[in-house]
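One structure is given here, and the rest of the page talks about it.
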Amino acid sequence: MSTRLLTDPTDAATHIKAGQVVAFPTETVYGLGADAFNPTAVQRIFDAKGRPSDNPLIVHMAHAANVPQVAATVPPLAERLLKRFAPGPLTLILPRRPDVPLIVTAGLDTVGVRIPAHPVAHAFLTACETPVAAPSANPSGRPSPTSWEAVAAGLDGRIAAILKGGRAAVGLESTVVDCTATPPRILRAGAVTPADLQTVAPDIALAPAAGPVRSPGQKHRHYTPSAAVHLVERPDDASPDAAHAFIGLEAPAQPSAFGRVAVCADVAAYAHTLFDFFFQCDRDGVERIYCQRVAPEGLGLALMDRLERAAAR
Ligand code: TXA
Ligand code: MG
């Protein structure tokens, strides 16, 4: 299959209506979409990514008002979260409507829903006229793509089209909140922080690291570039070498001794840059990537979650 590069959201929607899969930009990372009500199309997502079938997909829609198309009920708390944070980098886990195909939710009786804030995503989802199931647009286990070039590097020839939309602003995947639990629980940290969520849901809890897996995706290997990832406290804990790279908030003493260096102005810039940095390092054949740790609070919680997973092999 030759993968088309598109700039018109309406063209991209034509492929969705024809049962094909299309990568599209969002403010978090690029998604790989298919018509959520077409199980054959959704199967193509799993095939293109090599995704384990027990890992459920998030359903994307243009408007919060469309959530009842896939959710059996929208509890008052979810209504409040949508009012405050949609559109935006937040996914809510809600009870699944019985007519949502089980392949979308990996057999679960819940469904993840997200309303992206990216204007191209919004135009695309509007033109699709159907909820769009979409994981991140990377081969399973690899870092999520934050540019169309990274999507193409991973999936060219395996998907019908890529809708171009520039670099993803946030650079990390959405915050996932389970609204079927009491109190609601954060299953994945993201740009909507625990403190943000507490303004609406004061009793919200971070899912415990141990215990039953509520978000199946969290048990799979994730976010791993080909290079080995090492976490360091300070830049000078990294060993300089032309085959090594460094990313963090402070500069190493000898930046030119590394093959690639990114010094980020703050945690948001670090989050925005991380997966693109991994992509560039893999393209250059970098062998080892040193990543400076950040304080695990606010957006730093999401960044540290991705860094820890990338470093774990
Ligand atoms: O920012 C994002 O969320 C991006 C963009 C494309 O929207 N999407 C994304 O999808 O990161 P994915 O499939 O890579 O990650 C979805 C996560 C997985 O950990 C999955 O297990 C979890 O959400 N998830 C989806 N549906 C769920 C459900 N019904 N119950 C629990 N976890 C669910
Ligand atoms: Mg993913």
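The values are calculated or read from the model by the stated rules, or taken from the named source; none is laboratory data. On a predicted model such as this, the values are computed, not experimentally measured, just so you know. Cβ: placed from backbone, ideal geometry, glycine included. Neighbour counts: every protein chain shown. Accessible surface is based on the protein model in full, side chains and every heavy atom, while ligands, DNA and RNA are left aside. Shrake-Rupley method; radii C 1.70, N 1.55, O 1.52, S 1.80 Å.
Taking the condition surrounded by fewer than 24 Cβ atoms within 10 Å (Cβ to Cβ), among the charged types (D, E, K, R) and within 16 Å of ligand 2 (Cβ to nearest atom), does Asp8 pass?
Considered against the rule, which asks whether it is surrounded by fewer than 24 Cβ atoms within 10 Å (Cβ to Cβ), among the charged types (D, E, K, R) and within 16 Å of ligand 2 (Cβ to nearest atom), Asp8 comes out as no.
Going through the stretch 122-153 one residue at a time, which ones are buried (at least 24 other Cβ atoms within 10 Å of the Cβ), of a type in the set (Gly, Ala, Ser) and under 26 Å from Leu307 (Cβ atoms)?
The answer is Ala134, Ser136, Ala137, Ser144, Ala150.
May I ask you to verify whether Ala123 is touching a helix residue (DSSP H, G or I) at 6+ places or on another chain (Cβ under 7 Å), more than 8 Å from ligand 1 (Cβ to nearest atom) and farther than 30 Å from Asp284 by Cα?
In short, yes.
With the checklist (1) more than 18 Å from Leu307 (Cα to Cα); (2) under 17 Å from the mean Cα position of the chain (by Cα) in hand, flag the one item Thr193 doesn't pass.
(1)
Looking at the stretch 192-203, which of its residues are of a type in the set (Asp, Glu) and within 11 Å of ligand 1 (Cβ to nearest atom)?
Applying the first criterion (of a type in the set (Asp, Glu)) to the stretch 192-203 yields 196, 203.
The answer is none; no residue qualifies.
So, of the residues in the stretch 163-191 that are in contact (Cβ under 8 Å) with a residue 60 or more places away in the chain and more than 13 Å from ligand 1 (Cβ to nearest atom), which turns out to be least open to solvent (accessible area, probe 1.4 Å)?
Looking at residues that are in contact (Cβ under 8 Å) with a residue 60 or more places away in the chain and more than 13 Å from ligand 1 (Cβ to nearest atom), I get Gly166.
Of all residues in the stretch 152-162, which are away from ligand 1 (no atom under 15 Å from the Cβ) and either within 16 Å of Phe279 (Cα to Cα) or at pLDDT below 95 (or both)?
Listed by number, the residues that qualify are Ala152, Ala153, Asp156.
When the stretch 41-63 is examined, which residues are found to be more than 16 Å from ligand 2 (Cβ to nearest atom) and crowded, with 20+ Cβ neighbours inside 10 Å?
Ala41, Met61, Ala62
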